[in-house]
Amino acid sequence: QVQLVESGGGLVQAGDSLRLSCAASGRTFSDRNMGWFRQAPGKERDIVAVITGYGTDPYYSDSVKGRFTISRDNAKNTVSLQMNSLKVEDTAVYYCAAAAASFRFGMTRPERYNYWGQGTQVTVSS
């Protein structure tokens, strides 16, 4: 089993920055894709960013590319999401997720991720 706990969400003003963190516990970490997804009220859960097991080939959704950065520290079993230039439309619950392996094919598909955190709320005001 893998347990994921997100932190760092909050209420900020448009243009501000936030850094989300996800602490993972379990038997393995570096051999798994890790990702951030988000869900706004009344909408489906969408990909934000994902990263392979050893930190290569990150993927970003078009809406956040150039503003958000995903990173991981395998020694500390953490994955982070640095969010800059936040927009009102970034408001959502953000979820950390872990896959069963490190892979590139299908890495953007939520169904490839087996473990999910409880989510952390990010609210951006204008």
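For Q82, the criteria (1) in contact with a Ser or Thr (Cβ under 6 Å, 6 or more places away or on another chain); (2) buried (at least 17 other Cβ atoms within 10 Å of the Cβ) hold in every case but one, which is (2). In the set R32, R38, only one residue is farther than 23 Å from S126 by Cα, of a type in the set (K, R) and in contact (Cβ under 8 Å) with a residue 40 or more places away in the chain; that residue is R32.
If you go through the stretch 85-126 and keep only what is charged (D, E, K, R), within 16 Å of S63 (Cα to Cα) and open to solvent by 10 Å² or more (accessible area, probe 1.4 Å), you end up with K87, E89. Looking at the structure I just gave you, is D62 in a loop (DSSP other than H, G, I, E, B) and free of Cβ contacts under 8 Å to residues at least 12 places away in the same chain? Yes: the conditions hold for D62. Note on the stretch 7-65: among residues that are within 15 Å of N114 (Cβ to Cβ) and hydrophobic (A, V, I, L, M, F, W, C), the one that is surrounded by the most Cβ atoms within 10 Å (Cβ to Cβ) is M34. Determine whether T69 is open to solvent by 20 Å² or more (accessible area, probe 1.4 Å), without any contact (Cβ under 8 Å) to a residue 60 or more places away in the chain, hydroxyl-bearing (S, T, Y) and in a strand (DSSP E or B). Taking the combined requirement at face value, the residue satisfies it. Remark: pairs (first residue in the stretch 103-126, under 19 Å from L20 (Cβ atoms); second residue open to solvent by 90 Å² or more (accessible area, probe 1.4 Å); Cβ separation under 7 Å; 6+ apart in sequence or on different chains) = T123/L11; S125/L11; S125/Q13. Of all residues in the stretch 1-60, those satisfying the criterion of being closer than 15 Å to M83 by Cα and of a type in the set (S, T, Y) are S7, S17, S21, Y59, Y60. Considering only residues in the stretch 97-126 that are basic (K, R) and part of a loop (DSSP other than H, G, I, E, B), the one that is farthest from G10 (Cα to Cα) turns out to be R104.
The values are calculated or read from the model by the stated rules, or taken from the named source; none is laboratory data. Quantities reported herein were computed from a predicted structural model and do not represent experimental measurements. Here the Cβ is made from the backbone with ideal geometry for all residues, glycine too, and neighbour counts use every protein chain on show. Only protein heavy atoms, including side chains, enter the accessible area calculation; ligands, DNA and RNA are left aside. Shrake-Rupley method; radii C 1.70, N 1.55, O 1.52, S 1.80 Å.
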